[in-house]
Amino acid sequence: MSGGPRGVARPLAGDGLVAQEGELSLVCAAPDAVTAALVDGLLAALEQVAARR
């Protein structure tokens, strides 16, 4: 979807995670002991999808 509209993200203060790979972004709550594995999976998926673009 290159050439489409672009958004602007302005993270607010507080705990959270923002990751960017090329034109893809991931924004989620900061991982804790319960969600760390899920967030690791999301980061891996972000990297894999970005590599295929």
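Worth pointing out:
- Value at 222 nm in deg cm²/dmol, rounded to 500, when DSSP H runs of n ≥ 4 in the chain each add -39,500 (n - 2.57): -11000 deg cm²/dmol
- Computed from label points 7 Å out along Cα-Cβ, the spacing between ALA45 and GLU21 is 1.2 nm.
- Carbon/sulfur fraction of accessible area - the chain, other protein chains in place, 1.4 Å, %: 56 percent
- Nearest 10 degrees, 0 to 90: helix 36-52 Cα axis against the chain principal axis: 20 degrees
- Site pair ALA30 and ALA13 shows an inter-label distance of 1.4 nm when each label is modelled 7 Å from Cα along Cα→Cβ.
- Solvent-accessible surface of segment 2-48, taken per residue with a 1.4 Å probe and all protein chains present: 81 Å².
The values are calculated or read from the model by the stated rules, or taken from the named source; none is laboratory data. Computed from a predicted structure; not experimentally measured. Note: ideal-geometry Cβ built from the backbone for every residue, glycine included; neighbour counts use all protein chains shown. Heavy atoms of the whole protein, side chains included, go into the accessibility calculation; ligands, DNA and RNA do not. Shrake-Rupley method; radii C 1.70, N 1.55, O 1.52, S 1.80 Å.
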